[in-house]
Structure formats: C-alpha cells, structure tokens
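Following: one structure in structure tokens, then a few remarks.
The values are calculated or read from the model by the stated rules, or taken from the named source; none is laboratory data. Worth saying up front: this structure is predicted, and the values here are computed from it rather than measured. Cβ placement follows ideal geometry from the backbone for every residue including glycine, while neighbour counts extend to all protein chains displayed.
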Amino acid sequence: MPRQQVEEPFKINQKILAREVRLVGDNVEQGIYPTDQARKMAQDQNLDLVEISPTATPPVCRVIDYSKFKYEQKKKTRELKAKQTKVVLKEIRFGPNTDEHDFAFKVKHAQEFLREGAKIKSYVHFVGRSIVFKERGEILLLKFAQALEDLAKVEQLPKLEGKRMFLYLAPKAAAVVKPAAKPVAPDAKAEKKAPKPAEDKDKTSETAPATTDAAE
C-alpha cells in the first residue's frame, strides 16, 4: 500500500502556477518577475522559490532554502506550544456542616494546589433540605477564600447553581513555587587533597582514615 504523501504547506518551485510573482527578501533585487525568471534566480543560488503569500496580486515569493525554512517554522511552533501553560483545575468539596478539622485539612490541600499553579473550584453541596442553609454555605466559602488570601485571588465570589454553591480561586503569581533545580555535584578533583610529603621513609602515618555519616 503506497504511503500517503504529506501535502506541503507552501507551494515551491514548479508547483507555483502564477505567471508572475513578487520577489522579496535580502538575497534578490525585489520586484515583480515572470515566474520562470524567478525560478531561475533561485536555482542560480541553489535555493528554492517559495510562495509565502498566495492571495496577494501577484503572489509573493522568497528565494530561500525550503528545508531550513520548514525546520525554523516547526521550531517556532514547538516553542509557542511550550510557552502555553496548561491550566489545572482542582475541585474541593464542602458540606454545609463541615467541621473545623475537615476545613483545615481542605485548606492545607488547597495551599499545595495553589503553590503548584493550579486553580481551585471549591463548592458546597446541599443535599435535600440542607439548601435552606445556603447562607451558611456562603459564609463557609468566604472563610475558605480568606484562609487562602496570601496565596490566591478570588475569580468568582460564591454563586449558587442548582444544589451547589461555587467559589473560584486562582493562584497569585508570587505564590507559585517553581521546582527546585538539582544541586550541582562538586568537582571531585577539587575535593582531593595533595598528599603530604613523607618526613621519614621509616615513619608510618598516624592519621586515622576519615569517616562520613551518610545523610538519611
């Protein structure tokens, strides 16, 4: 079964069908040329004629090394993707009657999430007739936001949606802790000490071998 040919994102050389093109770039005299002449100019430099703006009149072309051009385009795309940070959203659930111990436990977890750069979606879930305590749920969420005010900013104040009241928090920039860099091992050569010259060939060394305690 023949391999499927990957379509090139740009027309190059013989695939450029326009009768004339506008040449731009540093390695040519810019202007409008018949396409055949533009191809010949590219060939004379062992380069390619690449159509970079097909919708222009006439189409705009450059004389470049197409393989190198594609590599640079892919490199830029990878760099843009690397810069795009994926937002992680962590959920923390409360009940309207959450006790102090459970509340403190959830605050501790939220602090860890925020330091890692995650956003927090916290909510109070009302079951059955507990919906009558929605004011209690709002107070609980506001207390939660206040406990995290050093690390987080409020993106949405408590809002009731059905049987749940939601609060959204986002980490403050200063709160996000970047992973620590691995310590650089000291140069082994720097640790070696030059042996002391022997004062007497018959004299034995009285220095006991050094011992180190292994850090656990």
Filter result for Glu116 (in contact (Cβ under 8 Å) with a residue 24 or more places away in the chain and at negative phi): yes
Subset tally (residues that are more than 17 Å from Leu89 (Cα to Cα), touching a residue at least 24 places away in the same chain (Cβ under 8 Å), of a type in the set (D, E, K, R) and surrounded by 12 or more Cβ atoms within 10 Å (Cβ to Cβ)) for the stretch 146-163: 1
Qualifying residue in the stretch 127-139 (condition: polar (S, T, N, Q), part of a helix (DSSP H, G or I), modelled with pLDDT of 90 or more and surrounded by 14 or more Cβ atoms within 10 Å (Cβ to Cβ)): no
Subset of the stretch 96-120 (residues that are of a type outside the set (Asp, Glu), surrounded by fewer than 16 Cβ atoms within 10 Å (Cβ to Cβ) and not in a helix (DSSP H, G or I)): Asn97
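Residue-wise test of (1) under 30 Å from Ala173 (Cβ atoms); (2) out of contact with any Lys or Arg (no Cβ under 8 Å at 6 or more places or on another chain); (3) among the hydrophobic types (A, V, I, L, M, F, W, C); (4) in contact (Cβ under 8 Å) with a residue 60 or more places away in the chain.
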site: Glu91; (1), (2), (3), (4): yes, no, no, no
site: Asp99; (1), (2), (3), (4): no, yes, no, no
site: Lys108; (1), (2), (3), (4): yes, yes, no, no
site: Gln111; (1), (2), (3), (4): yes, yes, no, no
site: Lys121; (1), (2), (3), (4): yes, no, no, no
site: Phe126; (1), (2), (3), (4): no, no, yes, no
site: Ile131; (1), (2), (3), (4): no, no, yes, no
site: Glu138; (1), (2), (3), (4): yes, yes, no, no
site: Phe144; (1), (2), (3), (4): yes, no, yes, no
Counted residues, the stretch 52-109 - those being charged (D, E, K, R), over 30 Å from Lys143 (Cα atoms) and out of contact with any Gly (no Cβ under 6 Å at 6 or more places or on another chain): 11
Wholly enclosed strands (runs of 3 or more DSSP E) of the stretch 4-89 bearing at least 3 residues surrounded by 10 or more Cβ atoms within 10 Å (Cβ to Cβ) and touching an Asp or Glu at 6+ places or on another chain (Cβ under 9 Å): 31-34, 60-64
Test for Arg19: is it under 30 Å from Val127 (Cα atoms) and either among the basic types (Lys, Arg) or assigned by TED's automatic domain parsing to the domain that holds Phe144 (or both): no
